[in-house]
Amino acid sequence: MLVREHMRTARDFLAAADVEFDAGDALQGSEKMWGAASHAVMAVAQQRGWPFGNHNALRTVARRLTAERNDRALLAGFTTAEKFHANFYHDFMEQGADFDTSRDVVREFVTRVLDAVGAGPNGSSG
């Protein structure tokens, strides 16, 4: 996939997550939240030439982007996305205000990571 395809896929997964959650399928919605976050991270990694071939590499990308942007909220957003990924397998997240807040955190994370792709590694277009 190309950078732009990862970006589109991230946005598509966010929309698909909303559909799944609205239909009452928290497990599929959770995995799509993770899919959105992971594809956003893949886009920034691919743009910058950083490895992103497995889950640990994605976490490393999130850490590198956090340092690059001097923005600890990015790593917190990635961690929240990982929680949704785990929820797909273990169904431990209770729906309610905290659940909705976590969805908002991941949505904001994806938006900000995709904005970082547009800005490039040093504020230049990428």
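Report the residue count in segment 81-111 for those that are of a type in the set (Gly, Ala, Ser) and modelled with pLDDT under 95.
Kept after step one, since they are of a type in the set (Gly, Ala, Ser), are these residues of segment 81-111: 81, 86, 96-97, 102.
Now drop any that are not modelled with pLDDT under 95, which leaves 96-97.
Number satisfying all stated conditions: 2.
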*Looking at segment 1-17, which of the residues that are among the charged types (D, E, K, R) and over 13 Å from VAL44 (Cα atoms) is surrounded by the most Cβ atoms within 10 Å (Cβ to Cβ)?*
ARG11
_Restricting to segment 9-40, name every residue that is within 17 Å of ARG103 (Cα to Cα) and either touching a strand residue (DSSP E or B) at 6+ places or on another chain (Cβ under 9 Å) or among the β-branched types (Val, Ile, Thr) (or both)._
VAL19
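How many residues does segment 9-27 contain that are in contact (Cβ under 8 Å) with a residue 40 or more places away in the chain and under 16 Å from the mean Cα position of the chain (by Cα)?
Going residue by residue through segment 9-27, those that are in contact (Cβ under 8 Å) with a residue 40 or more places away in the chain are 10-11, 14, 17, 21, 26-27.
Filter again for under 16 Å from the mean Cα position of the chain (by Cα), leaving 10-11, 14, 17.
Number satisfying all stated conditions: 4.
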*Could you list, in sequence order, all residues of segment 49-81 that are closer than 27 Å to PHE99 by Cβ and surrounded by 18 or more Cβ atoms within 10 Å (Cβ to Cβ)?*
LEU58, VAL61, ALA62, LEU65, LEU74, GLY77, PHE78, THR80, ALA81
*Answer yes or no as to whether THR101 is out of contact with any helix residue (DSSP H, G or I) (no Cβ under 8 Å at 6 or more places or on another chain), more than 20 Å from VAL117 (Cβ to Cβ), β-branched (Val, Ile, Thr) and surrounded by fewer than 19 Cβ atoms within 10 Å (Cβ to Cβ).*
yes
*Starting from residues that are part of a loop (DSSP other than H, G, I, E, B) and of a type in the set (S, T, N, Q), keep the ones in segment 39-87 and report whichever is nearest to ASP12 (Cα to Cα).*
ASN54
*Quick one: PHE92 ticks every box in (1) buried (at least 17 other Cβ atoms within 10 Å of the Cβ); (2) part of a loop (DSSP other than H, G, I, E, B) bar one, so which box is it?*
(1)
*asked:* One residue is enough: does segment 106-116 have a residue meeting the conditions hydroxyl-bearing (Ser, Thr, Tyr), assigned to a helix (DSSP H, G or I) and under 18 Å from LEU27 (Cα atoms)?
replied: no
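The values are calculated or read from the model by the stated rules, or taken from the named source; none is laboratory data. None of these values were measured; they are calculated from a predicted model. Neighbour counts run over all protein chains shown; Cβ positions are idealised from the backbone, glycine included.
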